[in-house]
Amino acid sequence: MPANPPFEQYVGYLLKRAQHALRTEMDRSLNLQGLTTPQYVVLAALESYPGISSAELARRCFVTPQTMFRLVAGLTQRGLVSRKALPTHGRSLPADLTPEGLRKVRACHSRATEVERRMLAPLSGVERRLLARMLRECAEALSARRGRRESLMPGPGFEPGNSCESRS
């Protein structure tokens, strides 16, 4: 008999399994609007935080600055994001949604929310709120261990009133 439980029983494995299933469904659904999940997350972050720096955008979207540079460049080429030099920002080029980018992200919110709804369907409202709280606490416990609390952005599909925070 092994000394450790099968890896499928580890919470980290279960989190990754849920994240993989969520990402797969999000990509499938968002592809109908011509976006990937990372592209949608960038647009959603820019909707919430217009003019945010690329470095902060990368932190909020959980990607490296190099990956964010490529994502923003691709979205800029497609006319969904604009970048303008501002005298108050030095070399930084804050990013903003274009009108087309705003239209695109808003068209995708219902798709992302539907995927999240299906994922959470087996849970009651109380269980959804408990899950959200517990996941926040797990993330904060590991962030605190590194000596800082990270600013965690709500995940794809988050809209006030439609998240697991407010479902009953």
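The values are calculated or read from the model by the stated rules, or taken from the named source; none is laboratory data. What you see is a predicted model; the values in this text were computed from it and never measured. Note: ideal-geometry Cβ built from the backbone for every residue, glycine included; neighbour counts use all protein chains shown.
Tabulated data for the structure shown
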| read-out | value |
| --- | --- |
| Subset tally (residues that are surrounded by fewer than 15 Cβ atoms within 10 Å (Cβ to Cβ) and in contact with a strand residue (DSSP E or B) (Cβ under 6 Å, 6 or more places away or on another chain)) for the stretch 1-50 | 1 |
| Qualifying residue in the stretch 12-32 (condition: of a type in the set (Val, Ile, Thr), under 21 Å from residue 108 (Cβ atoms) and out of contact with any His (no Cβ under 7 Å at 6 or more places or on another chain)) | yes |
| Options 120, 130, 152, 93: the member that is loosely packed, with under 14 Cβ neighbours inside 10 Å and either more than 23 Å from residue 70 (Cβ to Cβ) or modelled with pLDDT under 95 (or both) | 130 |
| Residue match in the stretch 26-43 (condition: modelled with pLDDT under 95 and either within 15 Å of the chain's Cα centre (by Cα) or of a type in the set (Val, Ile, Thr) (or both)) | no |
| Residue 79 surrounded by fewer than 13 Cβ atoms within 10 Å (Cβ to Cβ) and at pLDDT 95 or above | yes |
| Members of the stretch 42-77 found to be of a type in the set (Gly, Ala, Ser) and closer than 17 Å to residue 108 by Cβ, listed by number | 44, 45, 48, 74 |
| Counted residues, the stretch 36-54 - those being touching a residue at least 12 places away in the same chain (Cβ under 8 Å) and closer than 22 Å to residue 139 by Cβ | 9 |
| Within the stretch 134-145, tally of residues that are within 27 Å of residue 30 (Cα to Cα) and exposed (fewer than 14 other Cβ atoms within 10 Å of the Cβ) | 2 |
| Filter result (acidic (Asp, Glu) and either within 16 Å of the chain's Cα centre (by Cα) or within 14 Å of residue 23 (Cβ to Cβ) (or both)) within the stretch 109-130 | 114, 116 |
